[in-house]
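**Student:** Shown below is the structure under consideration.
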């Protein structure tokens with residue numbers, strides 16, 4: 001009997017499968033992964049695993065879980081087409097799998113450097129990547145990391161911490177330019193430099209050779225080059241099946257694509273958010289949207305009404321000893337106000353848009369992060385005056401409003 | 001080796017032998033303990049590995065700042081013995097520990 005087929009077994013795909021099984025003990029669930037590993041957590045790869053000679057892997061679910069939960073997990077299984085007209089997918093070996101509901105959870109693929117020798121730069125995205133990179137990282141002396149986003153900063157800071165000489169090459173004026181408030185990006189840049197990281201801003205990569213990286217600022221010698229310049233949605237299957245796409249596979253607030261019975265979830269899905277469209281690469285999104293889509297599939301199967309996905313995004317990044325935590329969706333155009341009481345290593349920045357708190361970035365201030373997350377989840381308007389009236393204590397404000 | 005016992009919500013127990021530096025969330029996932037999700041992978045960012053500590057033989061380090069905040073803010077009715085088990089690490093001086101899975 002046809003059941004639910006999930007393409008992709010990252011965080012989102014596995015969350016959909018596990019939530020479905022919790023809600024329906026009998027629905028047939030097939031989970032397809034192109035990888036050869038039992039599904040695992042990706043965030044630790046660039047935050048800690050790659051720097052540990054043992055290359056530890058954190059599984060999303062125990063090894064025996066899938067069998068016990070009667071989820072048909074198929075590893076090394078690539079989907080070559082989606083055939084909405086006949087409700088099936090075609091696998092690389094030619095087999096057809098029929099579905100009643102299909103979930104596309106194909107995630108993203110890393111961007112490659114479009115320069116001569118760009119293929120020499122290694123990336124960190126899958127466990128297979130760190131199996132190749134890990135041993136080279138251990139034996140390298142000078143590492144050049146290209147890209148000043150979260151992944152680039154995490155890799156550079158981690159490598160520095162295990163005693164490597166590290167150059168971080170950034171096109172913008174500071175690290176994390178697109179992801180956090182400018183003052184936080186500047187602070188992180190300064191703190192990494194204080195630890196001995198060679199950060200080059202305004203640095204354009206022109207070519208990569210066996211000896212290092214050719215840039216607009218001269219040659220950077222390195223015996224290992226790693227790039228972290230972002231990722232793009234893996235949506236070729238969806239496009240070939242004529243699903244509507246933008247920066248990702250377009251879904252409505254219920255996770256449904258332009259074709260009936262086909263859902264998309266996680267990094268690959270672009271969904272309505274506050275009057276705009278949003279594609280998020282985060283664990284929060286994979287987990288919460290995964291649970292939402294699972295519930296909506298169950299609703300569809302029982303002819304019930306679906307529920308909208310209205311997230312409060314949050315993110316984190318571990319960079320050496322720095323812990324960055326972001327609640328809400330930050331905005332470079334917002335007004336950025338720093339909460340008083342910071343030390344050189346601690347910072348809390350509030351993003352205010354039209355006087356209303358939209359996001360809060362913190363550095364090594366977990367309590368403020370968590371309070372901000374709870375405040376934003378309330379979906380109430382919060383102003384700077386309200387924060388001030390609570391002596392800039394976000395937790396106090398949350399407990400007052402609760 | 002440290003003996004770690006998980007009591008699941010249905011009352012059944014799973015006991016495992018654990019090595020130093022392993023955390024209990026990882027042990028729970030590897031041994032199929034029901035009710036432990038560990039959504040954030042042990043980064044102390046969520047509350048999906050909430051347990052209560054019923055018994056400790058030996059030494060157990062207390063919760064850190066982030067863990068205390070999560071217990072305070074994310075859990076509706078935290079117990080005095082509530083912990084996030086991704087933050088409970090097996091160590092030489094921890095002989096045995098018993099925990100019960102709680103609502104995340």
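None of the figures in this text is laboratory data; all of them are computed from the coordinates on show. Remember, predicted model here, so these are calculated numbers, not experimental data. Backbone-built Cβ (ideal geometry, glycine too); neighbour counts: all protein chains shown.
**Student:** Quote to one decimal, in nm, the extra length available between residue A:141 and residue A:307 on full extension: 0.36 nm per residue of separation minus the C-alpha distance between them.
**Tutor:** On the way: separation 166, 0.36 × 166 = 59.76 nm, distance 5.24 nm.
So the extension gain works out to 54.5 nm.
**Student:** What is the gain in length, in nm to one decimal, between residue A:261 and residue A:335 on full extension, counting 0.36 nm per residue of separation less the C-alpha to C-alpha distance?
**Tutor:** Details: separation 74, 0.36 × 74 = 26.64 nm, distance 4.20 nm.
Additional length available on full extension: 22.4 nm.
**Student:** When Cβ neighbours within 10 Å are restricted to other protein chains, what is their mean count per residue of peptide A:364-371? Mind dumping the intermediate values first?
**Tutor:** Working: counts 2, 2, 9, 7, 1, 3, 8, 3.
Shielding by partners across A:364-371 averages 4.
**Student:** Averaging the inverse of every distinct alpha carbon separation and then flipping it gives the Kirkwood radius. What is it for the stretch A:321-401, in angstrom units?
**Tutor:** Working: mean 1/r = 0.0806 Å⁻¹.
Over the stretch A:321-401, the inverse of the mean reciprocal pair distance is 12.4 Å.
**Student:** Moving on to the next point. From the gyration tensor of the Cα coordinates in chain A, what semi-axes in whole Å does the equivalent ellipsoid have, largest first, with each one equal to sqrt(5λ)?
**Tutor:** On the way: eigenvalues 251, 173, 66 Å².
So the three semi-axes of chain A are 35, 29, 18 Å.
**Student:** Looking only at Cα atoms, what is the convex hull volume of the stretch B:2-101 per residue, in Å³? Working shown, then result.
**Tutor:** Values: hull volume 8.9 nm³, N = 100.
Residue-normalised Cα hull volume stands at 89 Å³.
**Student:** Give me the inter-chain shielding for B:35-42: mean count of other chain Cβ atoms within 10 Å, whole number please. Don't jump to the answer; show the numbers that get you there.
**Tutor:** Values: counts 0, 1, 5, 5, 11, 8, 13, 5.
Across the residues of B:35-42, the mean count of other-chain Cβ atoms within 10 Å is 6.
**Student:** Where both partners of a DSSP beta bridge lie in the protein assembly as shown, what percent of those bridges are antiparallel, to the nearest 5? Walk me through the intermediate numbers first.
**Tutor:** Numbers: 63 of 99 bridges.
Roughly 65 percent of the DSSP beta bridges within the protein assembly as shown come out antiparallel.
**Student:** Also: Quick check on chain A: helices-only [θ] at 222 nm, where DSSP H runs of length 4 and up contribute -39,500 (n - 2.57) each and the sum goes over total residues. Nearest 500, please. Present the calculation step by step, with values, prior to reporting the outcome.
**Tutor:** Values: 11 runs with 110 residues, N = 402.
After summing the helix terms and dividing by the residues of chain A, the value is -8000 deg cm²/dmol.
**Student:** Averaged across B:25-33, how many Cβ atoms of other chains sit within 10 Å of each residue's Cβ atom?
**Tutor:** On the way: counts 1, 4, 1, 1, 8, 7, 3, 7, 1.
Going residue by residue through B:25-33 and averaging, the value is 4.
**Student:** At R0 = 22 Å, how high is the FRET efficiency between residue A:198 and residue A:232 if r is their beta carbon distance? Nearest 0.05 is fine. Please list the in-between numbers first.
**Tutor:** Values: r = 29 Å, r/R0 = 1.31.
Efficiency at R0 = 22 Å is approximately 0.15.
**Student:** Also, I was wondering about something else. Could you state the number of Å between the C-alpha centres of the stretch A:199-266 and the stretch B:76-104?
**Tutor:** 39 Å
**Student:** When a footprinting reagent is the concern and you count Cβ atoms within 10 Å, what order do A:337, A:354 take, fewest first? Before the final figure, lay out the partial values.
**Tutor:** On the way: A:337 18, A:354 9.
The fewest-first ordering by Cβ neighbours comes to A:354, A:337.
**Student:** Oh, and also: Provide the gained length on full extension for the span residue B:56 to residue B:21, in nm with one decimal, where the gain is 0.36 nm per separating residue minus the Cα-Cα distance. The partial results should precede the final answer.
**Tutor:** Details: separation 35, 0.36 × 35 = 12.60 nm, distance 1.66 nm.
So the extension gain works out to 10.9 nm.
**Student:** If you don't mind, another one. Test of understanding: ordering A:145, A:166, A:110 by Cβ neighbours within 10 Å, fewest first, what list do you get?
**Tutor:** Numbers: A:145 30, A:166 27, A:110 18.
Listing A:145, A:166, A:110 from fewest to most nearby Cβ atoms yields A:110, A:166, A:145.
**Student:** Could you order peptides B:39-50, A:238-249 by the average number of other Cβ atoms within 10 Å of their residues, highest first?
**Tutor:** Values: B:39-50: 23.2, A:238-249: 17.7.
Listed from highest to lowest mean packing, they are B:39-50, A:238-249.
**Student:** Using the number of other C-beta atoms within 10 angstrom as an exposure proxy, rank B:94, A:375, A:91 with the fewest first.
**Tutor:** Ascending Cβ contact count within 10 Å gives the list A:91, B:94, A:375.
**Student:** Moving on to the next point. Cβ neighbours within 10 Å, averaged per peptide: list A:201-212, A:262-273, B:71-82 in order, most packed at the top.
**Tutor:** Details: A:201-212: 15.7, A:262-273: 25.9, B:71-82: 14.0.
Going from most to least packed, we get A:262-273, A:201-212, B:71-82.
**Student:** Can I ask one more? Which residues among the stretch A:306-344 fall inside the zone where the amide N is under 13 Å from a point 7 Å beyond the Cα of residue B:65, along Cα→Cβ?
**Tutor:** Once the point is set 7 Å along Cα→Cβ of residue B:65, A:322-325, A:341-344 turn out to lie under 13 Å by backbone N, inside the stretch A:306-344.
**Student:** If you average the alpha carbon positions of the stretch A:331-402 and of the stretch A:30-81, how far apart do those two centres end up, in angstrom?
**Tutor:** The two parts, judged by their Cα centres, are 36 Å apart.
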